[in-house]
Amino acid sequence: MKSIGFIPLRKGSKGIPGKNKKKLLGRPLFCWVLGEAIASQLDQVVVFTDDTEITSFIEKEYHWTKKVKAVLRSEASATDTASTEFAILEFIENERPDFSVFCLLQATTPFTTANDINKCLDAIKGNAEYDSALTVVNTHRFTWNRDGTPNNYDYMNRPRRQDFKGQLIENGACYITTRKAWLASRNRISGKIATIPMPEDSLTEIDSMTDWLVVEELLAARLKRGKKSCRITHLVLDVDGVFTDGCVYFGSDGELIKKFDMRDGMGLEILRQNEVEVMVMTSEDSQIVASRMKKLKIKDVFLGVKDKFSLLSRILVERDLDYSQIAYVGDDVNDMANICAAGWSFAPANATQEIKRNADVILTRDSAAGAIREACEFILRYNPRYE
């Protein structure tokens, strides 16, 4: 049974301008659900958008997988009055995809994981009893009707929370239907529907800046909860603002000079001698950086990376590693997701306040002034407890 994931994105957004491209913990919002869709059991993932910046981003950042496809949608299906079902219908009629199961995923619910998607798929694939499935949250809130009558409890016999089964509410994350059910109803769910529970924090969808701020804090907390005590096997480093002081000197022919600290290089050499591998990951595609890393004999150098969390997650899967085995040094918002997820995260003394607020360790030294060397010394002191 071929399954297709479908992520509809609109360029226009009244509540939060440019919402889908706006960085949530340093990643474009839509990348959170896209990355999980790629990691799931879905056979193909389609991003359906009217934004050519997003299609270009996908072509560049996700070139490593054949699973993702960006498709341009019409202006008519991208208005704020057009329904999601209209967008699905346009895609199916125009592209005529071959599928048995269709999975609608929404970027405004970035808590969705590959496991959540797989549970929805299993409900359809593994049990012919169900025609479709959707994700829900069990809330223990008491709800009321507009006419002043209670909706889900007797206020004269208010139950204790532990005795109240709660109420299932759609969280807008994932909707799955069979091809047969879609053709019959032209709706994202129909027939006999399975409900797939997700954690309570996933109930918040991003429609306003208040939602955005709440979701960002919850998402950061979720990543941090995954940290475990492990031996550090890999140190991952940003470049500008970590290896360098963040300043770049330009001439008429382009980039001329970046400042590096020789003590950092010695620290990395000692670290490798103690069986800790080093990776470099930067959003800039700089020949100067490439030359410096070659001099330092660092083999894993990734240049021009905009979605660092997606790349690092893929590397960890390919190498059978866990985030808890990773130490990460970053200084700015595009490092935020990795800062929150890594087993140990470090911020130079001159990093941005947002990064320092979320890092495990704020180093005493500035970037290009011994910050990396200090992080190396920390790891060398930390690792012997696991030997």
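Tabulated values for the structure
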read-out	value
Verdict on residue 272 being closer than 19 Å to residue 301 by Cα and out of contact with any Gly (no Cβ under 8 Å at 6 or more places or on another chain)	yes
Count of the stretch 340-381 residues which are not hydrophobic (A, V, I, L, M, F, W, C) and not in a loop (DSSP other than H, G, I, E, B)	10
Residue among 114, 133, 107, 128 that is exposed (fewer than 12 other Cβ atoms within 10 Å of the Cβ), within 30 Å of residue 41 (Cβ to Cβ) and not charged (D, E, K, R)	128
Of all residues making up the stretch 142-183, the number that are closer than 29 Å to residue 115 by Cβ and either in contact with a Pro (Cβ under 7 Å, 6 or more places away or on another chain) or surrounded by 12 or more Cβ atoms within 10 Å (Cβ to Cβ) (or both)	19
Sole exception among (1) surrounded by 21 or more Cβ atoms within 10 Å (Cβ to Cβ); (2) closer than 21 Å to residue 309 by Cβ for residue 87, by number	(2)
Residue match in the stretch 295-305 (condition: of a type in the set (Lys, Arg), in the same structural domain as residue 349 (by TED's automatic domain parsing), surrounded by 19 or more Cβ atoms within 10 Å (Cβ to Cβ) and closer than 23 Å to residue 321 by Cα)	no
Condition met for residue 259 (touching a strand residue (DSSP E or B) at 6+ places or on another chain (Cβ under 6 Å), of a type in the set (Lys, Arg) and touching a residue at least 60 places away in the same chain (Cβ under 8 Å))	no
Any hit, the stretch 308-324, residues being within 26 Å of residue 377 (Cβ to Cβ), touching an Asp or Glu at 6+ places or on another chain (Cβ under 7 Å) and not in a helix (DSSP H, G or I)	no
Matching residues, the stretch 244-285, being at pLDDT below 85 and among the small types (Gly, Ala, Ser)	246, 251, 252, 254
Of all residues in the stretch 318-363 being more than 18 Å from the chain's Cα centre (by Cα) and without any contact (Cβ under 8 Å) to a residue 12 or more places away in the chain, the one that is surrounded by the most Cβ atoms within 10 Å (Cβ to Cβ)	356
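Every residue, every condition in (1) under 17 Å from the mean Cα position of the chain (by Cα); (2) farther than 22 Å from residue 189 by Cβ; (3) among the aromatic types (Phe, Trp, Tyr); (4) not in a helix (DSSP H, G or I), yes or no:
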| residue | (1), (2), (3), (4) |
| --- | --- |
| 1 | no, no, no, yes |
| 6 | yes, no, yes, yes |
| 14 | no, yes, no, yes |
| 71 | no, yes, no, yes |
| 80 | no, yes, no, yes |
| 86 | no, no, yes, no |
| 97 | no, no, no, yes |
| 112 | yes, no, no, yes |
| 115 | yes, no, no, no |
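The values are calculated or read from the model by the stated rules, or taken from the named source; none is laboratory data. None of these values were measured; they are calculated from a predicted model. Ideal geometry is used to build each Cβ from the backbone, glycine not excepted, and the neighbour counts take in all protein chains shown.
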